[in-house]
Amino acid sequence: MDLRNRKTKIHDNNKQCSIRDYNKSVEKCEEISDNYDKTIKNIKKNEVINDELKAQEKSMINHEKYINLLQDAFENSKRIVINLEFDVVALFLFIAGIITRLYRLEEPKSVVFDELHYGKYVGLYMKKTFFFDTHPPLGKQLIAVVAYLAGFDGNFKFERIGTPYDNSVPLFALRLVPAIFGSLILPTTYHLSRELGLKPWSAANAGLMLLFDNAFLTQSRFILMETMLIQFSLFGLYCLMKFRKIMDKPIKLSWWFWLTMSITNLTCGLCVKYVGIYSLYLGIYLIAKDYWNLIERRVLSNIILWFHLLARIIVIILSIIIIYFGVFYIHLTVLTKAGPHDSVMTSAFQASLEGGLASITKGQPIKVTHGSQITLRHSFGRACWLHSHIGVYPIKYPDGRGSSHQQQVTCYSFKDVNNWWFVKRPDINDLVVNNPIIPLKHGDIIQLVHGISSRALNSHDVAGPMSPSCQEVSCYIDYNVSMPAQNLWKIDIVNREQTGDNWHAIESQIRLVHEVTKAALKFSGRQLPDWGFNQHEVVADKIIEQDDTVWNVEEHRYTKSDDQKQREHDLLNAEMIPLKPTVLTFWQKLIEIQIKMFFSGNDNPMSHMYSSSPIEWPFMNRGIAYWVANDSNAQIHLLGNIIVWYSGTISIFIYTILLVFYLIRRRRCFYDISDYEWQRFTNIGEVLLIGYAIHYIPFFFVERTLFLHHYLPAFVFKVILTAATIDHVYYLISNNCKRKLIVSIVKITILAWIIIIIYVFRKFLVLSYGMTPLKVTDIMKLRWSDTWDFIVHKQ
């Protein structure tokens with residue numbers, strides 16, 4: 001077509017369109033079209049280059065960008081309004097939480113469940129007295145700060161559950177921190193749900209399920225740690241969801257802010273209870289996964305990718321170190337006085353505290369030499385001292401094995417005169433310490449003579465009483481039989497690089513290696529039967545490099561008399577004069593307390609009438625009696641809202657089935673839901689389903705007494721996953737069902753389900769607050785399951 005005909009056609013088309021009401025975009029397009037024709041004409045005539053064409057093309061692109069900007073502005077204006085509505089929902093959840101958690105918070109005015117322990121720890125903070133707990137101290141520190149501001153003096157004795165509080169205890173202040181954290185969980189859950197892509201009503205459902213769960217209400221009203229643990233973990237994950245939206249933009253200040261806030265809060269959860277490490281693992285996994293997805297972007301250079309990796313590693317490591325070590329620095333700086341838990345720690349640690357062991361050991365000599373009188377303490381694990389008494393090993397054990405029938409040597413967990421031993425060189429007969437003092441050194445051969453019985457520590461090729469794979473250790477009795485004394489031991493100073501080759505009291509950690517059999521003196525950890533007075537077994541083990549073969553001198557003095565009667569008198573009546581405290585650095589204390597926390601678990605898990613196994617938790621087979629009144633059947637019992645708990649368990653199965661179904665279908669290239677919905681569905685799974693699993697499954701491998709409250713961190717993930725599953729099922733029905741009636745029925749069903757949750761919550765509220773005297777018939781009406789064991793006073 002020539003140019004004239006082409007222009008005529010365009011003119012005709014424009015004439016036909018002149019009837020319509022042109023908008024500005026159409027006029028612009030017409031102008032661009034005319035300019036385009038002119039350009040073509042010029043190209044034919046003058047062979048003009050493409051500059052003008054490029055300008056026209058750029059004009060069209062700019063016009064499209066302008067339209068897109070207008071659309072974005074419109075969308076953003078809508079989002080602002082919606083966010084305002086979200087904040088109203090979050091505010092409602094928080095206020096409702098405050099009302100339900102703080103309502104008559106001082107009731108009951110008695111010690112409830114684990115307030116027995118945590119309240120005692122807070123009191124020791126007030127007195128600056130050292131205590132030992134297997135969990136980090138952040139939660140207890142937060143309560144202690146409020147207690148201090150409220151004037152708590154720490155004098156109240158948390159003796160037993162049910163002990164009435166006196167007027168000196170600011171009970172409201174002590175219970176306030178867990179209650180506030182329990183209230184904050186509700187809006188945090190809502191916002192986390194929204195960040196995961198849930199619709200507003202679904203996120204609100206998640207918050208309402210926790211608001212109306214009786215177990216969460218109960219756990220929030222007393223001096224307990226779970227609400228702080230859960231709030232820190234959830235808020236850390238919320239910050240991480242914010243970070244994931246901008247995870248490829250480290251030049252933004254918000255990138256650093258959200259990542260730092262995320263790791264900081266997740267670490268704070270860890271510093272409340274060690275189970276918080278599972279949330280930290282989840283956060284680090286999500287960060288690593290996002291970085292893995294960054295690697296496939298070819299537009300990012302190697303330098304940029306390295307920067308992304310190093311920035312993440314630096315923020316994670318620094319945040320964890322600063323928070324974790326900072327919490328323990330405060331803990332060890334404040335608690336400077338000796339207390340009831342000192343015996344758990346090593347002698348050096350105890351001697352660094354004011355009072356206690358320090359008052360006994362400050363004036364004692366440092367260098368151990370021939371004639372030293374010592375008590376030998378097992379350094380790691382259980383606190384006990386090398387001990388002997390007049391009892392002998394039985395001739396035969398129940399399994400038919402024979403023994404040496406020598407004097408028993410054990411490890412005794414209490415201070416006793418039979419814990420004293422004399423250190424003797426084999427070539428010197430007397431036990432008096434002479435001047436100048438020649439200290440014993442690494443590699444020297446010694447004998448240990450029991451202070452009261454004067455019999456030497458001995459070992460031989462006879463199987464141990466409870467550990468047949470090890471050698472028996474005894475104090476040698478000469479029966480005039482073919483069993484000679486084998487009582488020489490070699491000193492092996494384990495930490496000589498820090499303390500030197502000389503054997504020092506308190507500081508030197510030693511192994512005593514039997515010279516003949518090359519076996520090391522060892523605390524086996526096994527308890528002897530009645531013939532051994534239920535003390536702990538000591539053996540000699542040829543596997544030398546073990547923590548249980550390490551000992552240290554705790555109490556020490558020099559022998560001044562060679563008369564045995566006089567020595568016994570000195571052992572019974574000696575008293576040390578305090579002079580100068582032992583000094584340990586923060587890092588030495590931190591390392592020791594970490595070792596104790598990690599390796600001092602319950603040797604023998606005890607049974608408890610309200611303990612339960614992880615397999616029972618999703619079905620809430622057993623609750624926990626927290627408190628019962630002395631004069632009525634008013635009681636506090638940890639039980640969740642059975643509708644919420646069972647709905648959550650069912651939702652876990654529904655979500656998992658749907659996930660497997662979608663994966664199989666997509667493998668065969670059948671796409672049942674949109675890409676956006678699939679992305680949302682899998683993102684929910686990798687946060688909530690994995691979060692539930694890693695907070696729940698490890699308890700199947702824990703050898704300790706477990707209770708229902710251990711399930712609560714996993715339960716939160718299950719609640720949010722329940723809301724997400726309902727949201728997804730509603731999406732499927734509303735998008736695949738053409739009848740509005742069915743969609744309306746689904747909405748009514750969800751509303752009815754929420755109403756039933758509220759009804760059950762109100763019915764069991766009496767067990768959460770514990771303020772209503774109950775008749776026996778009232779309690780039996782609440783016993784919906786035969787496995788729920790409520791306490792009933794006999795009439």
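Just so you know, all these numbers are worked out from the coordinates, no wet-lab data involved. Bear in mind that the values here come from a model prediction, so they are computed numbers and not experimental data. Positions of Cβ are generated from backbone atoms using ideal geometry, with glycine treated the same way; all protein chains shown enter the neighbour counts.
Side notes on the structure shown:
- Karplus-derived 3J(HN,Hα), 6.51/-1.76/1.60, for each residue of the stretch 106-115, Hz, glycine and proline x: 7, 9, x, 8, 9, 5, 10, 6, 6, 4
- Put simply, when 370-382, 104-116 are sorted by average Cβ atoms within 10 angstrom per residue, most first, you get 370-382, 104-116.
- Ranked for footprinting exposure by Cβ neighbours inside 10 Å, fewest first, 143, 615, 726 give 615, 726, 143.
- The modelled label-to-label distance for the pair residue 469/residue 435, using points 7 Å beyond Cα in the direction of Cβ, is 5.2 nm.
- Sorting the segments 761-771, 327-337 by their mean number of nearby beta carbons within 10 angstrom, highest to lowest, gives 761-771, 327-337.
- Residues with amide H under 5 Å from that of residue 389, placed H, sequence gap 5 or more: 408
- Using a simple spin-label model with pseudo-atoms 7 Å out from Cα toward Cβ, residue 417 and residue 149 lie 5.5 nm apart.
- Gyration tensor verdict on the stretch 591-750 (Cα atoms; rounded if a/c is under 1.5, prolate if a/b is larger than b/c, oblate otherwise): oblate
- Charge tally around residue 150: other residues with Cβ under 13 Å, Lys/Arg +1 each, Asp/Glu -1 each, net -1.
- Close amide H partners of residue 462, meaning residues 5 or more places away or on another chain with modelled amide H under 5 Å apart, are 472.
- Amide H partners (placed H, <5 Å) of residue 110, local residues excluded: 165
- Judged by the mean number of other Cβ atoms found within 10 Å, the most tightly packed of the peptides 671-679, 228-236, 126-134 leads the ranking 228-236, 126-134, 671-679.
- Sorted by Cβ neighbour density within 10 Å, fewest at the top, the residues 341, 695: 341, 695
- Over 19 Å (Cα to Cα) - which of 242/747; 367/424; 490/542 fall in this group: 242/747
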